[in-house]
Amino acid sequence: MRILSGMRPTGRFHLGNYLGAARNWVELQKQYECFYFVADYHALTTEPDGHKAEDKVFDLTADLLAVGIDPDRSVVYLQSKVPEVAELTLLLSMVTPLSWVQRVPTFKEKAKLHPDNVNLGMFSYPILQGADILMVKGEGVPVGKDQLAHLELVREVTRRFNRTYAAVFPEPRALLTETNLIKGTDGKQRMSKTVGNIVGVTDEPGVIQKQVMSMVTDVKRPRKTDPGHPRQCNVCAFYKYFFDDWEHYWELCRKAQIGCYDKKRLLAERIIETFAPFRERRSELSPEAVNSILDVGSLKARDVARATLREARRAVGLPAYLDR
Ligand code: TRP
């Protein structure tokens with residue numbers, strides 16, 4: 001099975017990215033042929049300052065490499081270095097009824113978040129995503145729940161293309177990352193840079209410490225001497241990821257034998273310690289090294305993309321490229 005997934009370079013890599021996605025990507029590359037990319041075209045739909053994107057591309061790529069995405073096993077590339085994806089988006093858009101895209105809930109949400117910049121690229125976002133996947137004939141797509149509507153649309157478009165022209169593409173399926181929703185420091189919303197409720201992964205210990213200490217805990221426990229409700233507490237939720245004996249801490253919390261402050265202090269320590277090797281590996285990555293990894297990966301992805309596009313163009317009835 002061929003795997004493909006991407007992440008937008010929109011800000012500092014955080015716990016939600018790691019626990020919800022990257023951790024799973026690292027596992028998948030042990031078994032499958034994987035394509036992982038930085039979705040800088042997609043980022044332009046909400047952050048039009050392309051010229052500022054370079055640092056963010058470096059940051060995200062370096063973080064992915066630091067947490068274990070291995071360019072010797074997986075093809076690690078930058079979306080915009082494989083511009084064939086834009087041509088495939090165009091071809092797919094011809095078999096995509098407007099009404100199918102209008103149904104996608106994320107467009108409405110994004111339009112609400114960025115009312116001054118509701119653009120066509122934002123609207124056709126899931127078709128570009130489909131082109132990412134189909135371009136390499138990806139079969140398994142590890143994503144979070146928020147992406148399921150996109151995947152469903154991509155599957156429909158794939159079937160329609162194959163039916164209309166020729167069976168060029170395998171129908172991709174979502175590989176749901178099982179993790180529960182990773183909530184941010186506010187304990188309410190999904191962890192996201194836009195909301196500003198993140199906890200870093202490769203950031204300096206002092207930064208992570210501060211972010212964890214700012215976490216909202218059990219609101220129904222006004223005093224340390226009151227019994228806690230670990231099920232409703234976001235800090236306790238994180239214990240499940242970072243402590244094998246999380247049940248022990250949950251019990252202490254229930255019996256009011258550990259306070260919220262101490263729980264956060266321990267969690268911060270544990271996160272910093274767990275990610276220390278990532279932080280170290282990241283500090284060894286120079287922009288040149290990261291760029292050269294992206295260049296090599298993008299050339300590989302491009303070879304695959306061009307072969308697929310040749311097939312797709314032939315299926316549609318367009319002439320071959322001139323470069324034979
Ligand atoms: N839309 C995805 C997100 O916001 C990122 C993405 C772009 C992606 N292209 C993709 C994910 C292709 C999987 C496959 O998280």
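No value in this document is a laboratory result; all are computed from the given coordinates. A quick note: this is a predicted structure, and the numbers were derived from the prediction, not measured. All Cβ positions, glycine included, derive from the backbone under ideal geometry; neighbour counts span all protein chains shown.
If you run the Gaussian network model on the chain, springs between alpha carbon atoms under 10 Å, then out of T158, T225, T274 the most flexible one is T225. Taking the DSSP bridge list for the chain and keeping only pairs wholly inside it, about 10 percent are antiparallel.
Taking 0.36 nm per residue of separation and subtracting the Cα-Cα distance, full extension of the segment from R173 to L318 would add 49.4 nm. Remark: the chain projects, on average over all directions, an area of 17.9 nm² (convex hull of Cα atoms). For the pair A149 and L90, the difference between a 0.36 nm per residue extended length and the Cα-Cα distance amounts to 19.2 nm. Between Q209, Q189, Q129, the GNM of the chain built on Cα springs shorter than 10 angstrom shows Q189 fluctuating the most. Seen from D116, the other residues with C-beta closer than 15 Å to its C-beta sum to a net charge of 0, counting Lys and Arg as +1 and Asp and Glu as -1.
Give K81/K112; K52/K108; K30/K255; K110/K210; K56/K210; K193/K255 a once-over and call out the pairs whose C-alpha atoms are over 32 Å from each other.
On the way: K81/K112 30 Å; K52/K108 26 Å; K30/K255 42 Å; K110/K210 30 Å; K56/K210 22 Å; K193/K255 35 Å.
With Cα atoms farther than 32 Å apart: K30/K255; K193/K255.
Dividing the mean sequence gap of close Cα pairs (under 8 Å, 6+ apart) by how many residues the range 205-274 holds gives a relative contact order of 41 percent. Here the Gaussian network model covers the chain, with springs between Cα atoms less than 10 Å apart; of A276, A174, A289, A289 fluctuates the most. Charging the Cβ of each Asp and Glu at -1 and of each Lys and Arg at +1, and nothing else, the dipole of the chain about its Cα centre rounds to 1060 debye.
With coordinates expressed along the principal axes, the C-alpha atoms belonging to the range 205-274 extend over 31, 24, 17 Å, beginning with the largest.
Estimated translational diffusion coefficient (Stokes-Einstein, Kirkwood radius over Cα pairs, 20 °C, 1.002 mPa s) of the range 214-324: 115 µm² per second. For K224, the aspartates and glutamates whose Cα comes closer than 17 Å to its Cα, not counting residues fewer than 8 places off in the same chain, are E251, D262.
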